[in-house]
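Enquirer: Sharing a structure below in structure tokens format, with a few things to ask.
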Amino acid sequence: MATTTTPKLTSRIAFILLATGSAVGLGNIWKFPYITGEYGGGAFVLVYLACIALIGVPVMMAEIMLGREGRQSPIHTMRHLAKSQGATNRWQIVGWMGVIAGFLILSFYSVIAGWAFAYIPEAVSGNLNGLDKTTSGALFSELTTSPWTLLFWHSLFMLLTATVVARGVRNGLEKLVRILMPALAGLLILLVGYAMASGKFMQGLDYLFNVNFQAVFYTCQAETCNFTPEPLLAALGHAFFTLSLGMGAIMIYGAYMPQQTSIASATLIIALADTVIALLAGMAIFPLVFANDLTPGAGPGLVFVTLPIAFGNMPGGQFFGSLFFILLLIAAWSSAISLVEPAVAWLTERWQWCRLRATLLVTGLAWVLGIGSVLSFNQWSGAEYQWFGKTFFDLKDYLASNILLPLGGLLIALFTAWSAQRRFSEQGLALTRGFALWWFLIRYLAPLGIALIFLHAIGLV
Ligand code: PFF
């Protein structure tokens, strides 16, 4: 049975660092620019930012609070809290969905992190020097068309993740994140500076921030234009993905949070850091995309083709490029760890497994599932291996990010604001001001917003 063995983190700053380490990762630097490019820019970015502020932030506060009140793995936390609030124990489904989402995400996350890994030796050895559009594209496709190379880096990354999780995430990971975040922000600012000098900076900014709803949300044929809800769901899903919300990752970190720490201020810091890093990445990448005559909608390879061109041509690029890919790898690593933690915590609580055994099972399964992501870029890239027009890789991303995470967020909002007592949140958050606003957002706006976007996406409204 569940036991509350969860030791607390020693400080507020350690919690903020761990949660920021989870939030900031490939989602900010790889996924945000590439999906913004696929969905056509500014209007998508605006909806994404609105989803962060109006849905992501209140749901994050609720998720951290539930974790801190339950102090167990998400499955047991939800079961325990439901019981104490006199609600059905079916709420533990939130924890189960989170475990599944964690597997799905890790199984493609690790392959992309493998790309960052593979670019480190390329950068260190000077192979990026002098790259242009064609040679950079060739280098990238040389990597992705080789299943064995991808498998190698995917395996190495999974091993790295397993090593930390097996030892326990509270053994110094936050110290690494403390150095990582300023270094990553500094390097991105340097890249933005380089992008400014590239000549197409304003075009890049315009693409990111000039809001044209018509271009993003309507597909036009001849005279008639039809509304397409897909970018809406993608923006919502990405808000959850980038903040690590809706799957218990932030909940389990909440379980390690000291009791007196302010959840609201921690949430604002994490969400702000995450958003700033994503926007910096966008501001660095899009000007370079235009300056090098690349297409914004190039897909998952966008960042990995664009940035090496910049590093290959800037002074000190060999050093900065190596540093960048190392930092990207660490950022991915500190996120991947939180994808595994909810399932590992549950296995150790429920079956009294040691952490090593639990970690090996979870990462081992995700590794196997990851082979499908590896093959999606080569052997399985053809139409015969696509479902709903998506490769196995895309399908897992879609299922986890656009369906499971927002659904998890919806259930978290519903449990907190409709099933549990209002007093539970008043005490759990201990806000000195702003409770009424948060309550409005979590009780009405967040659930309605998520539900409406879902219904839109399946064509019901
Ligand atoms: N937030 C991470 C990123 O942006 O890269 C990805 C992620 C980590 C999603 C942990 C979900 C999660 F639970």
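The values are calculated or read from the model by the stated rules, or taken from the named source; none is laboratory data. Predicted model only: the values in this text are computed from it and were never measured. Positions of Cβ are backbone-derived with ideal geometry, glycine not excepted, and every protein chain shown enters the neighbour counts. Protein only, heavy atoms only, side chains kept; ligands, DNA and RNA dropped before computing areas. Shrake-Rupley method; radii C 1.70, N 1.55, O 1.52, S 1.80 Å.
Enquirer: Given a Förster radius of 60 Å and the C-beta distance between Leu437 and Arg167 as r, what FRET efficiency does 1/(1 + (r/R0)^6) yield to the nearest 0.05?
Expert: Here the calculated transfer efficiency is 0.90.
Enquirer: Okay, moving on. Helix 12-23 versus the longest principal axis of the chain: what angle, 0 to 90°, nearest 10, using Cα atoms?
Expert: Tilt relative to the chain: about 50 degrees.
Enquirer: Follow-up question, since we're still on this one. Would you report the distance distribution of C-alpha pairs in region 108-229 as whole percents per 5 angstrom bin, up to the bin with the largest distance?
Expert: Per 5 Å bin, starting at 0, the Cα pair percentages come out as 2, 8, 9, 12, 15, 14, 14, 12, 8, 3, 1, 0, 0.
Enquirer: Still on this structure: Using only C-alpha positions, report the orientation-averaged shadow area of the convex hull of region 201-327, nm², one decimal.
Expert: 11.2
Enquirer: Each residue of region 288-304 in order: what ³J(HN,Hα) in whole Hz does its phi give by Karplus 6.51 cos²θ - 1.76 cosθ + 1.60, θ = phi - 60°, with x for Gly and Pro?
Expert: Those phi angles translate into 6, 4, 6, 4, 9, 6, 9, 9, x, x, 5, x, x, x, 3, 5, 6 Hz.
Enquirer: Provide the FRET efficiency to the nearest 0.05 for the Glu230-Asp293 pair, computing r from the beta carbons and using R0 = 25 Å.
Expert: E between Glu230 and Asp293, to the nearest 0.05, is 0.40.
Enquirer: Non-local amide H neighbours of Asn129 (under 5 Å, H modeled in plane, Pro and chain starts lacking H): which ones?
Expert: It is none; the list stays empty.
Enquirer: Give the value in nm², to one decimal: projected area of the alpha carbon convex hull of region 95-144, averaged over all directions.
Expert: Projected area, direction-averaged: 4.2 nm².
Enquirer: Calculate what fraction, in whole %, of the accessible area of the chain sits on carbon and sulfur atoms when a 1.4 Å probe is rolled over the protein chains.
Expert: 65
Enquirer: Enumerate cysteines in the chain without a disulfide-compatible partner, where compatibility requires another Cys Cβ under 4.7 angstrom.
Expert: Here Cys51, Cys354 come out as lacking a disulfide-compatible partner, given the Cβ-Cβ threshold of under 4.7 Å.
Enquirer: If the cut-off is 14 Å between C-alpha atoms, which aspartates and glutamates fall inside it for Lys200, apart from same-chain ones fewer than 8 positions away?
Expert: Asp293
Enquirer: Here's something else I'd like to know. Mind listing the phi-derived Karplus ³J(HN,Hα) values for region 150-165, rounded to whole Hz, using 6.51, -1.76 and 1.60 with θ = phi - 60°, and x for any glycine or proline?
Expert: Ordered by residue, 3J(HN,Hα) equals 4, 4, 4, 5, 4, 5, 5, 5, 5, 5, 4, 5, 4, 4, 6, 4 Hz.
Enquirer: Next question, about the same structure. Quick one: grab Rg to one decimal and Dmax as a whole number for region 163-276, Cα atoms only, in Å.
Expert: Radius of gyration, then largest Cα-Cα span, for region 163-276: 19.9, 61 Å.
Enquirer: If you line up the long axis of helix 74-84 against the longest principal axis of the chain, both from Cα atoms, how many degrees apart are they, to the nearest 10?
Expert: 30
Enquirer: Can you list the lysines whose alpha carbon is less than 24 Å from that of Lys396, not counting same-chain residues fewer than 8 positions off?
Expert: Correct list for Lys396: Lys31.
Enquirer: Using a 1.4 Å probe, what is the accessible area per residue for region 1-156, in Å²?
Expert: Computed with neighbouring chains in place, this is 33 Å² per residue.
Enquirer: Within straight cross-link reach of Lys175, meaning Cα distance under 20 Å, which lysines are found once same-chain residues fewer than 8 apart are removed?
Expert: Those lysines meeting the cut-off are Lys8.
Enquirer: What list of ³J(HN,Hα) values in whole Hz, one per residue of region 26-39 in order, does the Karplus curve 6.51 cos²θ - 1.76 cosθ + 1.60 (θ = phi - 60°) give from phi, with Gly and Pro shown as x?
Expert: Computed from phi, the couplings for region 26-39 are 4, x, 7, 9, 9, 7, 4, x, 6, 6, 4, x, 5, 8 Hz.
Enquirer: How high is the FRET efficiency between Cys354 and Asn378 when r is their beta carbon distance and R₀ equals 41 Å, given to the nearest 0.05?
Expert: On the way: r = 37 Å, r/R0 = 0.91.
Efficiency at R0 = 41 Å is approximately 0.65.
Enquirer: Right, next: Within region 260-299, which residues have the backbone N less than 13 Å from the label spot 7 Å out from Phe388 along Cα→beta-carbon, could you tell me?
Expert: None, by backbone N distance to the label point.
Enquirer: Right, another one. Pull up all non-local amide H partners of Tyr218: gap of 5 or more, or a different chain, and H-to-H distance under 5 Å with H placed in the peptide plane.
Expert: Here Thr228 satisfy the definition.
Enquirer: For the chain, what does the relative contact order come out to in percent, with C-alpha contacts under 8 Å and a separation of six or more? Present the calculation step by step, with values, prior to reporting the outcome.
Expert: Values: 750 pairs, mean separation 167.6, N = 461.
Over the chain, the number comes to 36 percent.
Enquirer: For Gln72, what residues show an amide H to amide H distance below 5 Å, using hydrogens built from the backbone and excluding near sequence neighbours?
Expert: It is Thr77, by chain and number.
Enquirer: Compute the long axis of helix 405-414 from its Cα atoms, compare it with the longest principal axis of the Cα atoms of the chain, and write down the angle in degrees, 0 to 90, nearest 10.
Expert: 30
Enquirer: Further question: Gain in length, Leu156 to Asp132, computed as 0.36 nm per residue apart minus the alpha-carbon separation, to one decimal in nm?
Expert: Length difference between fully extended and current span is 5.7 nm.
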